[in-house]
Amino acid sequence: VLVPMSIPREAPLTVVRETVDIMRQLWSGDNVSYAGRRFRLDSAQISLGAQEIPIWLSVRGPRLLQLAGEQADAVVLMATSDLGQALNIVSQGSLQSGNQPTRIYLDRIAYTEEMLAEAVELYTYTVMDSPTRMLRGMGLTDEQIANIQTAVRTGGPAAAAKFITPDMVKGYQIAGTPEECSQTLQTLIRTYRLDVFLLNLISSGLTANTKLMREVAEIVKQAEENPKES
């Protein structure tokens, strides 16, 4: 989420493509000279020798999703309602190169009243900085998008919360009772052939995060142990 932090996007496809290329060349352990549109290296070499380091791309835009399909070892995806469209774009890149990145789904999972309230606040930032494809997939109308964005700019996330419903949150992340969250995760794994679930840790402190991980591990375990027939 770059816009709220005033971080500009400048040629993101070129920057990421060249970065991946440079890292892989450097991790070969060889001496590398590189002349790209954004980056240059002159006889650069890492001192640790050859390294086997997988590259995960966490991306949302169509060209970067396609790049992930072409070159990444794994693609990290968000938004429950966008998984199908995003993976279709990733597959287009895979068809070009034969590469098959691991499918990783990143989510916070909201299963308490406090977490659902927190999810509403995070949702506002999503609306401020997501591709149109993702916003449409989340079921948002032009009016809803405008209302939320205007409220965030004038009064912050708290002012925008009144425009956000529980169903809107569920269009972006796994939310509900623990049982509902487990069932939703089951469906996502089966429907989109997800390989890995990655928990988004944003709690403050080791104790809170440890508790969160234990509770979510149980939700994930239930999803794995009770798969429904497709």
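The values are calculated or read from the model by the stated rules, or taken from the named source; none is laboratory data. Nothing here was measured: the structure is a model prediction, and the numbers come from that model. A quick note on method: Cβ atoms are made from the backbone with ideal geometry, for glycine too, and the neighbour counts reach across all protein chains shown. Just so you know, the surface numbers come from the protein's heavy atoms only, side chains and all, with ligands and any DNA or RNA stripped out. Shrake-Rupley method; radii C 1.70, N 1.55, O 1.52, S 1.80 Å.
Here are some notes:
- Any hit, segment 177-200, residues being in contact (Cβ under 8 Å) with a residue 12 or more places away in the chain, in contact with a Ser or Thr (Cβ under 8 Å, 6 or more places away or on another chain) and at positive phi: no
- Selection from segment 139-160 of residues that are under 13 Å from M128 (Cα atoms), open to solvent by less than 40 Å² (accessible area, probe 1.4 Å) and of a type in the set (A, V, I, L, M): L140, I145, I148, A151, V152, A160
- Residues that are under 17 Å from the mean Cα position of the chain (by Cα) and basic (K, R) occur at least once in segment 102-115.
- Qualifying residue in segment 106-113 (condition: touching a Pro at 6+ places or on another chain (Cβ under 9 Å), charged (D, E, K, R) and touching a residue at least 12 places away in the same chain (Cβ under 8 Å)): no
- Selection from segment 55-74 of residues that are open to solvent by 80 Å² or more (accessible area, probe 1.4 Å) and in contact with an Asp or Glu (Cβ under 9 Å, 6 or more places away or on another chain): W56
- Just one residue in the set T165, T177, T141, T184 is more than 30 Å from A217 (Cβ to Cβ) and among the hydroxyl-bearing types (S, T, Y); that residue is T141.
- For F163, the conditions (1) within 23 Å of N88 (Cβ to Cβ); (2) modelled with pLDDT of 90 or more; (3) buried (at least 21 other Cβ atoms within 10 Å of the Cβ); (4) of a type outside the set (D, E, K, R) are fulfilled apart from (1).
- Any hit, segment 79-99, residues being without any contact (Cβ under 8 Å) to a residue 24 or more places away in the chain, closer than 29 Å to A217 by Cβ and open to solvent by less than 60 Å² (accessible area, probe 1.4 Å): no
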